[in-house]
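What follows is a single structure, written as structure tokens, with notes after it.
The values are calculated or read from the model by the stated rules, or taken from the named source; none is laboratory data. A quick note: this is a predicted structure, and the numbers were derived from the prediction, not measured. Every residue, glycine among them, receives a Cβ derived from its backbone with ideal geometry; neighbour counts consider all protein chains shown.
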Amino acid sequence: MSANAVWLNTKLATMVGEGYGKIDDGAIAVDQGRIAWLGSRGDLPAEYRKLPRHDCGGALITPGLIDCHTHLVYAGNRAAEFEQRLQGARYEDIARAGGGIQSTVTATRAASEDELLAQSAKRLSAMIAEGVTTIEIKSGYGLDLANELKILRTARRLAAHSSVEISTTFLGAHALPPEFAGRADDYIAEVCDHMLPSIAAEALADAVDAFCENIAFTPAQTARVFDAAKRFGLPVKLHADQLSDSSGAALAAQYGALSADHLECTSAESVRAMAQAGTVAVLLPGAYYFLRETRLPPIAELRAQRVPIAISTDCNPGTSPCTSLLLMLNMACTLFRMTPAEALAGVTRNAALALGLNDRGQLVAGMRADFALWDVRHPAELSYAFGANPCVARVFAGDRDD
Ligand code: DI6
Ligand code: FE
């Protein structure tokens, strides 16, 4: 159990309200892993004045960062495919020729659970070093029951070994495994009637995702996966409209999805459906950049419809081999023209919404005491600089990392 303490001599970006929710000379009192009180230092109630004090030396405190869309658990890498793409091959063509996701499936199936853990732990450490306190991890590189279980167990083991919370997502409908070639509907039946029930029985998934795309699964197949998720009481989310518009975001909204992710090709009509359903937009600038996409997600429409926008790394070996959520803040601004305040909300408040977690993502009394300390004067600097890591400390459930 964490030590009760007060954090002083800090600027706070509470992320409450539209902007940063700044408090200039702030203080946070932590009690049993939760924020007990926060505000201006001068207003600190007497009961907290006797607690042990941490002098933050003027550092900025933000909520702990939340990476709400990653495929962090996989084996190997796809540098060779990157070279092929640089010589003109398209991502879709490599996928259709049996490379792409399939090559990571081969490597992941071949890895033992311990090997997978070791490779994934390095990526997790890099994320944690940048102030991340909650991460979502998807399966989807196993594509059979034993290997999907191996990935989800690895994700749970990573959480047990580190000071980070991990939310797991079953992405069995990520790609068609070779043993089901030409039988996509049969594979969807396998996902719904065999894999998902076993995974749910072991409580290994907190949500269910699918890849709705012309190189992956149709809207009708996606709907079958969502219906199965509902039977097990699991929330859904979707890789929607990344490479083409199949009205994936509207389908996600129809199912009350937590989030619809990617959205480069999403129509204004689908955005309206998301707004009505309260489905969060998760934008992934790393994948947009790495695939050298030119079609931007419908940012203006998302803003106009007041759809919360989250930002994430999409950490995966094919389209975003990246562990830096800070770099994504910069890319959200430079590539997507988001404001630094919108970008920071995207990795805190709105990322929490995308995971359906209402106990984090802002600095508010009663929420988890997950926060990050930064050697910057203003929160916009977190989006402005790239390739730097100004994180000086991270606090997870009230405990400071050593
Ligand atoms: N969209 C993505 O960006 C990742 N999965 C997906 O459905 C990429 C997966 C990969 O190429 O390994
Ligand atoms: Fe993804």
Practice task
Tell me which of these ASP314 doesn't satisfy, since it passes every other one: (1) without any contact (Cβ under 8 Å) to a residue 40 or more places away in the chain; (2) within 16 Å of ligand 1 (Cβ to nearest atom); (3) crowded, with 24+ Cβ neighbours inside 10 Å.
Solution key: (1)
Practice task
For region 346-368, enumerate the residues that are in a loop (DSSP other than H, G, I, E, B), touching a residue at least 60 places away in the same chain (Cβ under 8 Å) and within 21 Å of the chain's Cα centre (by Cα).
Solution key: VAL347, THR348, LEU355, GLY356, LEU357, ARG360, GLY361, GLN362, LEU363, MET367
Problem - Leading residue by the ranking (modelled with the lowest pLDDT) among those in region 56-94 that are within 12 Å of ligand 1 (Cβ to nearest atom), outside any loop (DSSP other than H, G, I, E, B) and not aromatic (Phe, Trp, Tyr) - result: GLU92
Practice task
Kindly list the number of the only condition in (1) closer than 21 Å to GLU18 by Cβ; (2) touching a strand residue (DSSP E or B) at 6+ places or on another chain (Cβ under 8 Å); (3) not aliphatic (A, V, I, L, M) that fails for ASP314.
Solution key: (1)
Problem - Given (1) within 15 Å of ligand 2 (Cβ to nearest atom); (2) in contact (Cβ under 8 Å) with a residue 60 or more places away in the chain, index of the condition THR168 fails - result: (2)
Practice task
Assess whether PHE290 counts as being farther than 26 Å from THR62 by Cα, within 14 Å of ligand 1 (Cβ to nearest atom), among the aromatic types (Phe, Trp, Tyr) and modelled with pLDDT of 95 or more.
Solution key: yes
Problem - Within region 317-345, considering residues that are without any contact (Cβ under 8 Å) to a residue 40 or more places away in the chain and closer than 27 Å to GLN119 by Cα, the one farthest from ligand 2 (Cβ to nearest atom) - result: CYS322
Exercise for the section: Go through (1) over 17 Å from GLU130 (Cα atoms); (2) in contact (Cβ under 8 Å) with a residue 12 or more places away in the chain one by one and return the number of the condition PHE371 breaks. Expected result: (1)
Problem - Check on ALA273, assigned to a loop (DSSP other than H, G, I, E, B), surrounded by fewer than 24 Cβ atoms within 10 Å (Cβ to Cβ) and of a type in the set (A, V, I, L, M) - result: no
Fill in the blank from the handout: Subset of region 349-388, residues of a type in the set (A, V, I, L, M), surrounded by 24 or more Cβ atoms within 10 Å (Cβ to Cβ) and touching a helix residue (DSSP H, G or I) at 6+ places or on another chain (Cβ under 8 Å), comes to LEU382
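Residues of region 193-206 being surrounded by fewer than 22 Cβ atoms within 10 Å (Cβ to Cβ) and touching a helix residue (DSSP H, G or I) at 6+ places or on another chain (Cβ under 8 Å), which ones?
Initial filter on region 193-206 (surrounded by fewer than 22 Cβ atoms within 10 Å (Cβ to Cβ)): 193-194, 197-198, 200-204, 206.
Those that are surrounded by fewer than 22 Cβ atoms within 10 Å (Cβ to Cβ) and touching a helix residue (DSSP H, G or I) at 6+ places or on another chain (Cβ under 8 Å): ASP193, HIS194, SER198, GLU202, LEU204.
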Handout entry: Selection count, region 237-249, where residues are small (Gly, Ala, Ser), surrounded by 24 or more Cβ atoms within 10 Å (Cβ to Cβ) and more than 12 Å from ligand 2 (Cβ to nearest atom)
Key = 2
Exercise for the section: Among residues belonging to region 293-316 that are within 13 Å of ligand 2 (Cβ to nearest atom) and in a loop (DSSP other than H, G, I, E, B), point out the one that is nearest to SER120 (Cα to Cα). Expected result: CYS315
Fill in the blank from the handout: Restricting attention to region 14-68, the residues that are more than 19 Å from HIS378 (Cβ to Cβ) and of a type in the set (S, T, N, Q) number exactly 1
